[in-house]
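Q: Okay, here's the structure, questions in a sec.
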Amino acid sequence: MVPDTVFGILGALAGPVLTTTPTFSYTAIFRRLPLVVLYTWSNLIIFNLANQRNGCVEDALNKPGRLIPSGRMTPSTMRKLLLAVIPFTLAISWILNVWQQTSLLIALTWMYNDLGGGDDVIMRATIIAGAFFLYNIGALQIACGDYSTMNSTGYVWTALISGVILTTMHVQDIDDQEGDKAAGRLTAPLWMGDTIARWTVAIPVVAWSALCPAHIGVGVEGYLAPCALGLYIAGRTLLLRNRQADGRTWEIWAGWLICLYTLPLLKSFRW
């Protein structure tokens, strides 16, 4: 939720770099921050409920503190809650004029959890990348308000970020191998082996750390934080091989993603 919210707010603050707004109001954008949070949270809770309802075997090993493994909720109760949350989220998205994104996100959630898309390594990555594209577009549109929209550069940038997700998101699967194996899920580490999977995270992270600043067209200062974090993530992924370290690396990866999201705003300062 946090990276997608940040993407929307920072993208709107970048003004003409990603949107059709030649000038903008900081006050107006930050006033819409609660609406951006509401959009990302309400859509994310649909996925979380559906994922937990269908992932009991995996969660019992990887995330025993979740609602069903801990005994705080039954799958039947979670199903009823999910049935209530979906129309609530659709209503919110209709009011915010991002119902198209929410409708597609619900479809992707169904494909991922109920149709087993999350159990196949290629389909899993594709669905996640597509979901981030929709989350980010919706967040940015809400942050812009009714009088502005994304320009062509904004769509290309959002698609590029989805490419980053597609090729590096499996960093989250490295510390979940025990539960994924028990659930019969074919994630990248289980498909290609732990060592190769780690290299397929490390190399793209380093490459994107340079490619994203180059695409946006920032100065040398725009390369410093992404490249430093990218190298750090690559080093941790290859050298620190235990569940606790892998879980921490995934959190740092999310911070690196946010770092990439700041690049359009940095570019706007050079205009």
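The values are calculated or read from the model by the stated rules, or taken from the named source; none is laboratory data. Because the structure is a prediction, the values reported are computed rather than measured. Please note: Cβ atoms are built from the backbone with ideal geometry, for glycine as well, and neighbour counts cover all protein chains shown.
Q: List, please: which pairs have Cβ atoms under 8 Å, are six or more places apart or on different chains, and start with a residue in the stretch 250-271 that is under 14 Å from Gly230 (Cβ atoms) and end with one that is not in a helix (DSSP H, G or I)?
A: Within 8 Å, the pairs are Leu263/Val218.
Q: Here is a further query. In the list Leu257, Leu263, which residue meets the criterion of being crowded, with 20+ Cβ neighbours inside 10 Å and touching a Cys at 6+ places or on another chain (Cβ under 9 Å)?
A: Result: Leu263 is the single residue among Leu257, Leu263 that is crowded, with 20+ Cβ neighbours inside 10 Å and touching a Cys at 6+ places or on another chain (Cβ under 9 Å).
Q: Could you grab me the full set of residues in the stretch 93-105 that are assigned to a helix (DSSP H, G or I), touching a Leu at 6+ places or on another chain (Cβ under 8 Å) and surrounded by 17 or more Cβ atoms within 10 Å (Cβ to Cβ)?
A: Selection gives Gln101, Thr102, Leu105.
Q: To continue, here is another question. Take Leu90 and decide whether it is touching a residue at least 24 places away in the same chain (Cβ under 8 Å) and either assigned to a loop (DSSP other than H, G, I, E, B) or not hydroxyl-bearing (Ser, Thr, Tyr) (or both).
A: no
Q: Inside the stretch 151-191, can you point out the residues that are closer than 27 Å to Phe7 by Cα and aromatic (Phe, Trp, Tyr)?
A: Passing the criteria: Tyr155, Trp157.
Q: Residues that are over 21 Å from Ile122 (Cα atoms) and in contact with a helix residue (DSSP H, G or I) (Cβ under 9 Å, 6 or more places away or on another chain): does the stretch 189-206 have at least one?
A: yes
Q: Something else about it: Taking into account only those residues within the stretch 26-51 that are within 19 Å of Leu96 (Cα to Cα) and of a type in the set (Gly, Ala, Ser), which is modelled with the highest pLDDT?
A: The qualifying residue modelled with the highest pLDDT is Ser42.
Q: Continuing with the same structure: Restricting the stretch 15-57 to residues that are part of a loop (DSSP other than H, G, I, E, B) and within 20 Å of the chain's Cα centre (by Cα), which is nearest to Gly138 (Cα to Cα)?
A: Filtering first and then ranking leaves Leu18.
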